[in-house]
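All remarks here apply to the structure that follows.
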Amino acid sequence: MSRPKVLAYYFPSWHRDPRNAAWFGDGWTEWKLLADAKPRFQGHRQPRVPAAGEIDESDPQVFDTQIALATEHGVNGFLFDFYWYDDGPYLNAALDDGYLHAGKRDDIEFALMWANHNLTNIFPSAGPEVEKPILKSGAIDRAAFERMAEHIIEHYFSQPSYLKVDGRPLFSIYEIGSLIEGLGGVTATREALEWFDERARAAGHAGIHLDAIVWGFEFLPGGVTVDDPAQLIDDLGFGSASSYVWIHHMDPDTQTFPTSPWKDVEDAAFAAYDEYAKSLNVAFSPNVTVGWDASPRTAQDVEFIEGPYPWIPVWDPTPAEFERGLRRAAAFFEDYPREGPILSINAWNEWTEGSSLLPDTVNGTGYLEAIKRVFGTVHQDRGGAQTG
């Protein structure tokens with residue numbers, strides 16, 4: 001089996017954005033939430049302090065530093081959380097101004113994961129029982145979808161460093177329910193995705209490799225629960241499926257609050273991965289998660305009690321526990337071999353969700369070193385050849 005391609009989800013909320021300025025004040029970024037975070041229970045590791053300080057990811061030189069750090073530790077590429085609503089992009093400067101203008105950009109691949117969920121005001125959440133206002137709906141109609149698709153084809157698929165699967169640009173979609181709701185049903189969604197593929201072919205590409213994030217099918221329009229995810233994925237024309245984060249696959253009723261054993265979440269994730277690998281008709285790519293702590297997105301002057309996200313348990317695994325997950329992922333690929341295996345990591349820089357490969361002042365480069373120990377470093381060409 002070939003070495004899996006290691007892709008880290010990149011959360012682009014560490015630069016100034018005009019929407020955030022309008023909503024939260026000029027200059028606001030999630031660095032403020034991180035800086036304001038406090039320990040919410042005994043032994044709670046907050047605030048997290050990035051070793052590099054509060055960087056501006058829209059600066060190409062800053063992105064060069066991130067690219068070098070990633071490639072030195074065996075990370076092949078970034079899966080950018082990509083936000084596009086009915087009226088256009090959000091949090092796009094990390095990609096457009098930072099990565100795409102970085103001198104080292106061709107040293108690492110990138111692809112888009114459309115984060116098409118509702119954007120709710122959890123910056124911070126006022127309380128566990130306080131309704132979270134919706135800032136933007138994740139369900140967009142066909143016209144907005146077409147504007148997004150044309151933009152992606154022109155500005156991103158055309159980049160030489162864009163990641164391809166079997167020669168086709170990879171495009172991953174986070175929330176299948178929002179996709180179907182916005183486009184008006186399964187048939188209409190299939191037609192829109194086929195149109196996207198045709199437009200990509202007309203632009204000179206071999207088509208699109210569509211990847212479905214498998215989670216939350218209970219959130220389909222009308223409260224419909226999908227009994228057969230494999231059939232839905234087939235009906236929509238996806239070429240593969242993957243996972244975004246471990247906590248998507250656990251039963252929250254089995255967890256204790258305010259913290260819970262990380263091994264329980266790990267076991268739940270890999271049990272789900274086994275099921276997906278056996279039941280889906282497309283290749284499934286697993287995920288390994290660095291940790292989870294969304295408490296910086298809660299109001300720090302409100303008692304930390306259990307409730308809906310972000311008022312949920314905290315998991316703070318050590319680099320050694322993270323490495324155990326990486327080794328289980330390596331074993332997964334031995335059990336379910338495939339051509340061109342892909343492993344996603346959540347995440348490169350989800351500081352306000354406690355899931356960051358980037359060095360902090362406690363663990364240093366420990367999580368990155370774990371990737372290097374398990375999978376080594378990698379040199380690759382754009383044709384996909386890899387050497388460890």
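Things to note:
- Only Cα sites of region 74-153 enter the Debye sum here, all with the same form factor; the resulting log10 I(q)/I(0) across q = 0.12, 0.22 1/Å is -0.47, -1.05, listed in q order.
- Calculated FRET efficiency for the pair residue 226/residue 155, C-beta based, R₀ 41 Å, to 0.05: 0.80
- Geometric extent, Cα atoms of the chain - Rg, Dmax (angstrom): 19.7, 58
- Positive-end residue of 180, 255, 331, charge dipole of the chain with Cβ unit charges: 331
- Overall, the ratio between the Cα radius of gyration of region 265-345 and 2.2 N^0.38 Å, rounded to two decimals, is 1.37.
- Three-way shape label, region 139-218, alpha-carbon gyration tensor, a/c 1.5: prolate
- Per-residue ellipticity at 222 nm, computed for the chain from helices alone with -39500 (n - 2.57) per DSSP H run of at least four residues, works out to -9000 deg cm²/dmol.
- Compactness index (Cα Rg / 2.2 N^0.38 Å), region 209-262: 1.40
- For the pair residue 130 and residue 267, label points projected 7 Å from Cα toward Cβ lie 3.7 nm apart.
- Using a simple spin-label model with pseudo-atoms 7 Å out from Cα toward Cβ, residue 45 and residue 137 lie 4.1 nm apart.
- Taking every alpha-carbon pair within region 234-388, the share separated by more than 24 Å comes to 39 percent.
- Cα centre as origin, Lys/Arg/Asp/Glu Cβ charges: region 1-152 dipole, Debye: 620
- In summary, region 119-278 shows an alpha-carbon radius of gyration equal to 1.18 times the 2.2 N^0.38 Å reference for compact globular proteins.
- Cα-centre dipole for region 84-227 with unit charges at Cβ (Lys and Arg positive, Asp and Glu negative), debye to 20: 240
- Here region 218-332 is assigned +1 on the Cβ of each Lys and Arg and -1 on the Cβ of each Asp and Glu. Its dipole about the Cα centre then comes out at about 440 debye.
- Among 246, 60, 24 - extreme Cα towards positive end, dipole of the chain, charges at beta-carbon: 60
- Peptides ranked, highest mean first, by Cβ atoms within 10 Å: ranges 60-69, 310-319: 310-319, 60-69
- Exposure rank, largest accessible area first [55, 208; 1.4 Å]: 55, 208
- Percent breakdown of C-alpha pair distances by 5 Å bin, ordered from the shortest bin, for region 2-68: 3, 13, 18, 19, 17, 14, 9, 4, 2, 0
- The mean sequence distance of close C-alpha pairs (under 8 Å, at least 6 residues apart), as a share of the length of region 17-94, puts its relative contact order at 23 percent.
The values are calculated or read from the model by the stated rules, or taken from the named source; none is laboratory data. Small disclaimer: the values here were computed from a predicted structure and weren't measured. Using ideal geometry, Cβ is built from the backbone for each residue, glycine included, and neighbour counts are taken over all protein chains shown. These accessible areas exclude ligands, DNA and RNA; they are computed on the full protein's heavy atoms, side chains included. Shrake-Rupley method; radii C 1.70, N 1.55, O 1.52, S 1.80 Å.
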